[in-house]
Amino acid sequence: MAEIIDGKKIAAQVKEEVRTEVEKLKAAGMKPGLAVVLVGNNPASRVYVSNKEKDCAECGFASYEYALPEETTEEELLELVRKLNDDSTVNGILVQLPLPKQICEQTILHAISPAKDVDAFHPENVGRIMIGDYQFLPCTPAGVIEMLDAMNIDINGKHCVVIGRSNIVGKPMGMLLLHRNGTVTICHSRTKDLAEQTRQADILVAAVGKAGFVTKDMVKPGAVVIDVGMNRNEAGKLVGDVCYDEVAEIASAITPVPGGVGPMTRAILMRNTLTAAKNQLKTK
Ligand code: GUN
């Protein structure tokens, strides 16, 4: 049976480290803060945003929430982003995705000051990730690396297979694994004989967005399986991309959903907010 990778526990340790550092900034007279912008009524986004507020409170950050109506225009949102860029009490800015269809996500993400871009979605930060000159780490991929480190799972020389090529997870995940000397394969919807690829994985990362996508026959016995999926099944229950019970029988370690990657993503966001605050203090 696989060892369960407890994301909640590892995330709590990361947040505790952040909290200690935030205390120090506060003692020096700073009140670091994160602005979270939510546009519209996406129910999942609402949950994510309220979780981020809880995390901010736990770590000692001020959190500034901006909830805008569904019909907000691109220009109105841009105006808010510009205002937050210029606001010295705001160290990090997160615009929750997805945005309503009248707003171009790229235009908004490009408008966020790279120094406050705690999601690491701005092209400047994406480029930095590519060359390994990090300012901010992308939250979910960095959370995965943090978990592997916490479990003493060596990446060096391992065959790492990532399923999914999104800008948020798949692509940066491949890059971070590569920076840690993994041999990386990124699979996607056009990959031929996917199971043949995934069975090569020593470390398999599923970021597909489909409940139960990864079955036992796709996994090499002894592999480490990381499930980035957050899906609702027919019963409305939160489930990952991996058929947990059957894959746990043969994997050496596996992340549960919930309680795996999700809490780690949130913890890295807090760490990025701390990084932003420290960097801005330095450049004052
Ligand atoms: N929507 C889903 N995941 C994310 C994320 O990591 N950041 C933002 N801003 N929106 C998201």
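Bear in mind these aren't lab numbers, they're just calculated from the coordinates by the rules spelled out. Note that the coordinates shown come from a computational prediction; the quantities given were computed from them, not determined experimentally. Don't worry about glycine lacking a Cβ; one is built from the backbone with ideal geometry, like all the others, and counts go over all protein chains shown.
Pairs of lysine residues in segment 190-252 that meet both criteria, 8 or more places apart or on different chains and Cα atoms under 20 Å apart, total 4. Taking the chain as a Gaussian network of alpha-carbon nodes connected by springs under 10 Å, the highest mean-square fluctuation of the residues E58, E71, E23 belongs to E71.
Note on segment 1-107: Lys pairs 8 or more places apart or on different chains, Cα atoms under 28 Å apart, count 28.
Neighbour counts of C-beta atoms inside 10 Å place Y134, Y244 in the sequence Y134, Y244, starting with the fewest. Counting beta carbons within 10 Å around each of M230, M264 and listing the fewest first gives the order M230, M264. For segment 15-174, a simple Cβ point-charge model (Lys and Arg +1, Asp and Glu -1, everything else neutral) yields a dipole of about 280 debye relative to the Cα centre. Grab the other residues whose beta carbon is less than 15 angstrom from that of G262, score K and R as +1, D and E as -1, and report the net. Here the count lands on +3.
Principal-axis analysis of the Cα atoms of the chain puts helix 139-150 at an angle of about 60° to the longest axis. Going 7 Å from the Cα of V47 along its beta-carbon direction, which residues of segment 107-143 have the amide nitrogen within less than 19 Å of the resulting point? 140, by backbone N distance to the label point.
Scattering from the C-alpha atoms of segment 1-94 alone, worked out with Debye: what is log10 I(q)/I(0) at q = 0.22, 0.26 1/Å? For segment 1-94 at q = 0.22, 0.26 Å⁻¹, log10 I(q)/I(0) is -1.12, -1.30. The distance linking segment 206-284 with segment 80-152 is 19 Å (Cα centroid to Cα centroid, whole angstrom). The modelled label-to-label distance between A28 and A195, using points 7 Å beyond Cα along the C-beta direction, is 5.6 nm.
Of the residues N272, N41, N231, which exhibits the maximal mean-square fluctuation in a Gaussian network model of the chain defined by a 10 Å Cα contact cut-off? Fluctuation is largest for N41.
The share of Cα pairs per 10 Å bin across segment 103-178, counted from zero up to the longest distance, runs 19, 48, 26, 7, 0 percent.
Residues S88, S252, arranged from fewest to most other Cβ atoms within 10 angstrom of their Cβ, appear as S88, S252.
With the convex hull of its Cα atoms as the shape, segment 124-218 has an orientation-averaged projected area of 6.3 nm².
In terms of its alpha-carbon gyration tensor, segment 173-250 comes out prolate; a/c meets the 1.5 threshold, and the first ratio a/b outweighs b/c.
Overall form of segment 163-202: oblate. Here a/c, set by the Cα gyration tensor axes a ≥ b ≥ c, is 1.5 or more, and a/b is not larger than b/c.
Calculated from DSSP H runs of 4 or more alone, at -39500 (n - 2.57) each and per residue, what is the 222 nm mean residue ellipticity of the chain, nearest 500? Don't jump to the answer; show the numbers that get you there.
Values: 10 runs with 121 residues, N = 284.
After summing the helix terms and dividing by residue count, I get -13500 deg cm²/dmol.
Highest mobility in the GNM of the chain, judged by mean-square fluctuation with C-alpha springs under 10 Å and restricted to P32, P69, P221, is found for P69. Each Lys or Arg adds one and each Asp or Glu subtracts one; over the other residues with Cβ under 13 Å from the Cβ of A248, this totals -4.
Any chance you could tell me what percent of the C-alpha pair distances in the chain go past 35 Å? Intermediate values should be presented prior to the final figure.
Details: 6971 of 40186 pairs.
Cα-Cα pairs of the chain separated by over 35 Å account for 17 percent.
Highest mean packing first, where packing is the average number of other Cβ atoms within 10 Å per residue, the peptides 199-205, 50-56 line up as 199-205, 50-56.
Taking amide H positions as modeled 1.01 Å from N, with prolines and chain starts lacking one, the residues under 5 Å from E3 and 5 or more places away or on another chain are A253, I254.
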